[in-house]
1. Looking at ILE29, is it open to solvent by 40 Å² or more (accessible area, probe 1.4 Å), over 26 Å from GLU135 (Cα atoms) and more than 14 Å from the chain's Cα centre (by Cα)?
2. Could you pull out the residue among GLY225, GLY200 that is at pLDDT below 85 and crowded, with 21+ Cβ neighbours inside 10 Å?
3. With the requirement that a residue be closer than 24 Å to ALA25 by Cα and in contact (Cβ under 8 Å) with a residue 12 or more places away in the chain, what does region 40-54 give you?
4. Exactly one of these conditions fails for HIS6: (1) modelled with pLDDT of 85 or more; (2) open to solvent by 70 Å² or more (accessible area, probe 1.4 Å). Give me its number.
5. Mind checking which pairs have a first residue in region 87-102 that is without any contact (Cβ under 8 Å) to a residue 24 or more places away in the chain and a second that is surrounded by 17 or more Cβ atoms within 10 Å (Cβ to Cβ) and in a helix (DSSP H, G or I), Cβ under 6 Å, 6 or more apart or different chains?
6. For ALA159, indicate whether it is open to solvent by 50 Å² or more (accessible area, probe 1.4 Å), of a type in the set (Gly, Ala, Ser) and either over 30 Å from ALA66 (Cβ atoms) or over 30 Å from the mean Cα position of the chain (by Cα) (or both).
7. Can you confirm whether GLU135 is more than 30 Å from ALA20 (Cα to Cα) and either buried (at least 17 other Cβ atoms within 10 Å of the Cβ) or among the charged types (D, E, K, R) (or both)?
Amino acid sequence: MSRLSHSEVHMVHRIGWLRAAVLGANDGIVSTSSLVVGVAAAGSGSIEILIAGLAGLVAGAMSMAAGEYVSVSSQTDAENADLTRERRELAETPKAELEELTRIYVDRGLDRELAERVAVQLTERDALGAHARDELGISETVTAHPVQAAVVSALTFAAGAVIPVLVALASPVETTSVLVAGTTVVALAILGGLGATAGGAGVMRGAVRVTFWGALAMGVTAVVGAVFGVSVG
């Protein structure tokens, strides 16, 4: 088979949305489950538990969207500032920039003559793109997309948060904590496995990692609710 017909599937192009999706879903499940478990452990009634869960879902989804948009926008601003400065330097000191690119390739293992040839050819084709990629580490594959991150985070948070809310709605108040905790552990294991699969990593490792921290968060919240809670039913 010809090498030209060989194709490879890489996962790095999924970094932007995958990070936001896993973070959103994980936060939605963990924070809402912890809230529901904590309120239930405090001796609250079913109505109070449901209201707390719904409030956590809505507030969390909006908070995730706003937080992701602001943080990723900050990254985008920094990238744009670097690109603007690099564009100006290319226009004002092209020889110095060519030498800088050459040194980068020499440091990566090319001999001086080959590094110069590569730098010249890439500069002639797309000088800013070459410096953005090889000097600044900015590429289309991993570039920030604020709106995408915000929407994905909000939707996945809501999707994760609805699980403990539905379980709380369907379960007797005296078993809410146990049922929500058990369902959450299973959901976190599935989420961790799916996230690892989408990212090309080991399923078991991803599932254990996500489940452990989620279970820890619920456990701590349940203890706090049981120790300091007062029934409001």
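1. Criteria not met by ILE29.
2. Working: GLY200 fails: crowded, with 21+ Cβ neighbours inside 10 Å.
Only one candidate qualifies: GLY225.
3. Taking region 40-54 first, the residues closer than 24 Å to ALA25 by Cα are 40-41, 48-54.
Selection gives ALA40, ALA41, GLU48, ILE49, LEU50, ALA52, GLY53, LEU54.
4. (1)
5. Between residues of region 87-102 that are without any contact (Cβ under 8 Å) to a residue 24 or more places away in the chain and residues that are surrounded by 17 or more Cβ atoms within 10 Å (Cβ to Cβ) and in a helix (DSSP H, G or I), the close pairs are GLU89/GLU97; THR102/ALA115; THR102/GLU116; THR102/ALA119.
6. no
7. On the way: more than 30 Å from ALA20 (Cα to Cα): no; either buried (at least 17 other Cβ atoms within 10 Å of the Cβ) or among the charged types (D, E, K, R) (or both): yes.
When the stated conditions are applied, GLU135 does not pass them.
For every residue, the table says whether it meets (1) in a helix (DSSP H, G or I); (2) acidic (Asp, Glu); (3) over 24 Å from LEU194 (Cα atoms); (4) touching a His at 6+ places or on another chain (Cβ under 8 Å).
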| residue | (1), (2), (3), (4) |
| --- | --- |
| ALA21 | yes, no, no, no |
| GLY24 | yes, no, no, no |
| ASP27 | yes, yes, no, no |
| VAL30 | yes, no, no, no |
| SER33 | yes, no, no, no |
| VAL37 | yes, no, yes, no |
| SER44 | no, no, yes, no |
| ILE51 | yes, no, yes, no |
| ALA66 | yes, no, yes, no |
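The values are calculated or read from the model by the stated rules, or taken from the named source; none is laboratory data. Fair warning: this is a prediction, and the values are worked out from it, not measured in the lab. A quick note on method: Cβ atoms are made from the backbone with ideal geometry, for glycine too, and the neighbour counts reach across all protein chains shown. SASA here: full protein model, heavy atoms, side chains in, ligands and nucleic acids out. Shrake-Rupley method; radii C 1.70, N 1.55, O 1.52, S 1.80 Å.
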